[in-house]
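Chemist: I'd like to ask you about the structure that follows.
No value in this document is a laboratory result; all are computed from the given coordinates. Source: prediction; values computed, not measured. Glycine also receives a Cβ, built like all others from the backbone with ideal geometry; neighbour counts cover every protein chain displayed.
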Amino acid sequence: MDFDQIRAFINVASLRSFSAAAEKLFISQPSISVRIKALEEELGVVLLDRSTGREPTLTEAGRLFLDYAQSIVNLEDECREKLSGQLESAGGLVHVGASTVPGTYLLPFLLAEFKQKKEMIDYNIDILDTSAVIEGVLNYSFEIGFVGLIDQDERLQYNELFEDELMLCTAKGLFGSTPQEGGLLLADCFNHYLLVREKGSATRRLLERKLDEKGLDFSCFKGITYFNSLEGIKQAVRAGLGIAIVSKLSVEDMVNSGQVDTYTIRDLDMKRTLYMVYHRHRILNAAARRLRDFVIERCSKQEMPDL
């Protein structure tokens, strides 16, 4: 077993593609296949199932080995950093996955504050739904994730960031010219079309759970329109296509400019917490550790950045 074999395996597992892994490592696809086959023969197990279609998938043995493989590689990286005397001073690249609300309306401001500390760190940031971010943390595509919901998995470590609240967002004046004191009742919404995010969205999952607790679902509304874009939902609400349940953070700009109205729903508790998440068994590189430690310290103050 050598590091080239282990790195080949990690990249195929995270990218779910032999060709993409080969491109990332600047070697040929046959070389990737040879390295992984040799690794499997040495370990005496099949790590990747190649029979399930176009994408290779991890076997049970592969999922078990992935954590150890990443730990081995991270230990090598940490050793090199220490030996070169650059453990705390070096820059680096941090791969970050973030769901739409924290990734768009919180993370940029946290990174801007972090940048003021003269940290020489580069970022590769993917804005995805919560499910995809969690999957990326688990398969080592992302060192750090930012999400709006917890998925119970003992491999994941969560740190609370800030509290958010989901609000009813409507076209201007839909429920009258002045805000209704105390908010609206859920039943007030049922005669309207509901605009909803994709299935992996934390906002949608929270709304579905809260409705289910009351024995309700999306069929209670006049109709449903699905979007894979929060910005698309906001603009559709402004145009009068329907109503939506969205993060307070995400719609403050449109509220302040008078483009939409927002209301609390009196009989639906929609408060939630935004989280940072990373893999418990992964040894983060120096840059990722510094970012993680900054976010933990910054958010312990419970003061939102100036958005």
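Chemist: Provide the descending list of Cα extents for region 163-271 along its principal axes, expressed in whole angstroms.
Modeler: Principal extents (largest minus smallest coordinate, Cα): 34, 30, 29 Å.
Chemist: Could I ask something else about it? Given an 8 Å cut-off on Cα distances and at least 6 residues of separation, report the relative contact order of region 3-83 as a percent. Don't skip to the end; give the middle numbers.
Modeler: Working: 75 pairs, mean separation 23.7, N = 81.
With pairs under 8 Å counted, the relative contact order is 29 percent.
Chemist: Which order do Val73, Val277 fall in if you start with the one that has the fewest other Cβ atoms within 10 Å?
Modeler: Values: Val73 18, Val277 22.
Arranged by neighbour count, lowest to highest, Val73, Val277 become Val73, Val277.
Chemist: Next up: Of the chain, which part is the longest with no trypsin sites (Lys or Arg not before Pro) in a loop (DSSP not H, G, I, E, B) and with at most 15 other C-beta atoms within 10 angstrom? Intermediate values should be presented prior to the final figure.
Modeler: Values: sites that count: Arg50, Arg54, Lys117, Lys118, Arg155, Lys172, Lys199, Lys214, Lys222, Arg266, Arg280, Lys301.
So the longest stretch without any such site is 55-116.
Chemist: Run down the aspartates and glutamates and flag those whose C-alpha is under 15 Å from the C-alpha of Lys199, throwing out any fewer than 8 positions away in its chain.
Modeler: Counting by Cα, and skipping residues close in sequence, Lys199 has these aspartates and glutamates nearby: Asp129, Glu135, Asp151, Glu208, Asp217.
Chemist: Which one, Val12, Tyr68, Cys79, projects farthest toward the positive side of the charge dipole computed for region 3-83 from Cβ point charges (K/R +1, D/E -1)?
Modeler: Val12
Chemist: If the chain between Ile27 and Gln152 were fully stretched, how many nm would it gain, using 0.36 nm times the residue separation less the Cα-Cα distance? Don't skip to the answer; put the middle values down first.
Modeler: On the way: separation 125, 0.36 × 125 = 45.00 nm, distance 3.71 nm.
Residue separation times 0.36 nm, minus the Cα-Cα distance, leaves 41.3 nm.
Chemist: To the nearest 20 debye, what is the magnitude of the charge dipole of the chain about its Cα centre, counting +1 on the Cβ of each Lys and Arg and -1 on the Cβ of each Asp and Glu? If you can, show how the numbers build up before the last one.
Modeler: Working: 36 positive and 46 negative charges, 94 e Å.
Value, rounded to 20: 460 debye.
Chemist: How high is the relative contact order of region 163-271, in percent, counting Cα pairs under 8 Å that sit 6 or more residues apart?
Modeler: Relative CO of region 163-271 lands at 53 percent.
Chemist: Under 5 Å between amide hydrogens, which residues at least 5 positions from Leu161 or on another chain qualify, with H placed 1.01 Å from N in the peptide plane?
Modeler: Leu274, Tyr275, Met276
Chemist: With each pseudo-label sitting 7 Å past Cα toward Cβ, what's the Asp49-Gln235 distance in nm, one decimal?
Modeler: Computed distance between label sites Asp49 and Gln235 equals 4.1 nm.
Chemist: Residue separation times 0.36 nm, minus the C-alpha to C-alpha distance between Thr57 and Lys271: what's the value? Display every interim value, and only then the final one.
Modeler: Values: separation 214, 0.36 × 214 = 77.04 nm, distance 3.67 nm.
Difference between extended and current length: 73.4 nm.
Chemist: Do you know the relative contact order of the chain, to the nearest whole percent, from alpha carbon pairs under 8 angstrom that are 6+ apart? Before the final figure, lay out each step's value.
Modeler: Numbers: 498 pairs, mean separation 71.6, N = 307.
So the answer I get is 23 percent.
Chemist: Can you flag which of Lys172/Lys222; Lys172/Lys234; Lys214/Lys234 are past 23 Å Cα-Cα?
Modeler: Too far apart for the 23 Å limit: Lys214/Lys234.
Chemist: Given R₀ = 35 Å, what would the calculated FRET efficiency be for Ala187 paired with Glu252, taking r from the Cβ atoms and rounding to 0.05?
Modeler: 0.85
Chemist: Which of the lysines could a cross-linker span from Lys37 if the Cα-Cα distance has to be under 26 Å and same-chain partners fewer than 8 positions apart are dropped?
Modeler: Straight-distance partners of Lys37: Lys24.
Chemist: Given that compact globular proteins tend to follow 2.2 N^0.38 Å, what is the ratio of the alpha-carbon Rg of the chain to that value? Working shown, then result.
Modeler: Details: Rg = 22.6 Å, N = 307, 2.2 N^0.38 = 19.4 Å.
For the chain, the normalised Cα radius of gyration is 1.16.
Chemist: Let me ask something additional. Using the reciprocal of the averaged 1/r over all distinct C-alpha pairs, how large is the Kirkwood radius of region 3-83 in Å?
Modeler: Its Kirkwood hydrodynamic radius stands at 12.9 Å.
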